[in-house]
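Structure, as structure tokens:
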Amino acid sequence: MESSAPFIEQALALAAQALQRSSPNPRVGCVITTPEGRVLGRGSTQQAGGAHAEIMALRDAAAAGLDVRGATAYVTLEPCAHQGRTGPCCDALVAAGIARVVASVQDPNPLVAGQGFARLRAAGVTVEVGPGAAAARELNLGFFSRMVRKTPWVRLKVAASLDGTTALANGASQWITSGAARADGHAWRARSCAVLTGIGTVLADQPRLDVRDVPTPRQPQVVVVDSQLQTPQDASLFIADRECTIYAAATFDTSMQTRKQALEARGATVVHLPNAQGQVDLPALLRDLAQRGVNELHVEAGHRLNGALLSAGLVDEWLVYLAPKLLGPGRGMAQWGPLETLAQGQELEFRSVDRVGPDLRALARVRGRDDF
């Protein structure tokens with residue numbers, strides 16, 4: 001029997017093709033082979049409501065007139081066992097006559113969570129689990145986070161000078177990093193389910209927060225932390241056919257109700273979510289976004305909201321672009337502290353450090369954050 005490794009690698013590459021399109025579904029790849037290792041079909045997850053990876057691989061084989069009875073399916077996540085917008089993939093594999101399934105990792109979705117494997121085994125299909133598990137989980141860390149922690153994976157993006165300035169004291173910040181860094185940042189936006197910002201950024205910069213610099217099959221929704229509902233009705237972030245959720249905290253008196261209705265007329269969903277201090281309850285916001293299907297939350301905000309997220313322990317990793325320039329005093333990456341001891345600092349571990357045009361891109365994860 002052939003080695004699993006090369007086919008799982010192919011399946012992982014197919015899963016990566018779904019990086020920007022499958023949300024809120026996980027990114028999954030599937031390769032179907034004969035017992036001798038001849039590839040019969042390949043597939044990856046389509047946009048939500050479309051076919052899953054296993055179905056695409058079965059269709060690929062059928063389109064080529066190839067018989068998959070007795071074949072092996074290599075898939076990066078447990079085949080689903082529930083009826084959602086599509087039917088159960090485990091049943092489709094059984095109906096097609098697949099004899100063996102090699103899967104990277106069990107699906108954390110409580111609606112699946114081993115049931116797909118159980119149904120396959122009950123139908124006489126040989127099931128093996130484990131090859132490529134770490135890579136498959138990393139590719140779907142947001143999905144695992146939503147299913148296990150009930151909150152999205154929070155990635156906070158900042159662009160700064162080498163001395164850590166994200167804006168001058170007068171607020172000027174466009175542009176500190178290069179066009180190449182901005183395009184790369186758009187690629188990270190594209191893979192997220194939602195982009196979050198604060199009302200300060202909305203009022204100061206009139207951002208669109210959409211994906212423009214790279215091709216994408218879908219736009220992430222936009223989320224605004226806006227305690228007083230100050231978002232202008234003509235804000236640039238209102239884009240046709242894109243979801244917009246605004247979280248407010250102030251008492252909903254007559255004036256607030258009027259503003260709420262005006263924003264809802266622009267297509268926004270307004271959620272009243274105050275904490276005891278009269279500000280937006282950020283932990284509750286993350287839980288609410290998870291219930292709305294957000295796997296990866298991409299934060300592009302100012303130093304105040306960044307600091308609030310950091311202080312509350314809600315940031316999972318930092319995506320930092322550093323320009324080869326010094327700007328002196330100004331606004332930093334996050335407004336928090338001051339700390340009294342070094343031990344109070346946030347421990348991170350670098351996942352990667354790369355050149356992007358003239359700039360540096362560092363991806364740093366909060367130590368132990370992915371242990372769930």
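The values are calculated or read from the model by the stated rules, or taken from the named source; none is laboratory data. Model, not experiment: these values are computed from the prediction. Cβ: placed from backbone, ideal geometry, glycine included. Neighbour counts: every protein chain shown. Keep in mind that these areas ignore ligands, DNA and RNA; they rest on the heavy atoms of the full protein, side chains included. Shrake-Rupley method; radii C 1.70, N 1.55, O 1.52, S 1.80 Å.
Conditions (1) in contact (Cβ under 8 Å) with a residue 24 or more places away in the chain; (2) open to solvent by less than 40 Å² (accessible area, probe 1.4 Å); (3) in contact with a Phe, Trp or Tyr (Cβ under 8 Å, 6 or more places away or on another chain), marked per residue:
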site	(1), (2), (3)
160	yes, yes, yes
170	no, no, no
177	yes, yes, yes
182	yes, no, yes
190	yes, yes, no
194	yes, yes, no
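Please count how many residues of the range 1-44 are of a type in the set (Ser, Thr, Tyr) and more than 15 Å from residue 102 (Cα to Cα).
The qualifying residues number 3.
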query: Being free of Cβ contacts under 8 Å to residues at least 40 places away in the same chain, in a loop (DSSP other than H, G, I, E, B) and open to solvent by 30 Å² or more (accessible area, probe 1.4 Å), is that true of even one residue in the range 219-227?
result: yes
- prompt: Consider residue 22 against the criteria (1) out of contact with any helix residue (DSSP H, G or I) (no Cβ under 6 Å at 6 or more places or on another chain); (2) more than 17 Å from residue 87 (Cα to Cα); (3) free of Cβ contacts under 8 Å to residues at least 40 places away in the same chain; (4) not aliphatic (A, V, I, L, M): it satisfies all of them except one. Which criterion is unmet?
  reply: (2)
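Of all strands (runs of 3 or more DSSP E) completely enclosed by the range 248-362, which ones contain at least 2 residues that are of a type in the set (Asp, Glu) and open to solvent by 20 Å² or more (accessible area, probe 1.4 Å)? First the steps, then the outcome.
On the way: elements: 268-272, 296-299, 317-323, 348-356.
Passing ranges, in order: 348-356.
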message: Looking at the range 57-74, can you tell me whether even one residue there is of a type outside the set (Asp, Glu), open to solvent by 10 Å² or more (accessible area, probe 1.4 Å) and either modelled with pLDDT under 95 or under 25 Å from residue 144 (Cβ atoms) (or both)?
response: no
- prompt: Applying the selection to the range 1-20, what residues are over 22 Å from residue 220 (Cα atoms), assigned to a loop (DSSP other than H, G, I, E, B) and open to solvent by less than 50 Å² (accessible area, probe 1.4 Å)?
  reply: 2, 4
query: If you go through the range 37-48 one residue at a time, do you hit one that is touching a residue at least 60 places away in the same chain (Cβ under 8 Å), closer than 24 Å to residue 134 by Cα and crowded, with 20+ Cβ neighbours inside 10 Å?
result: no
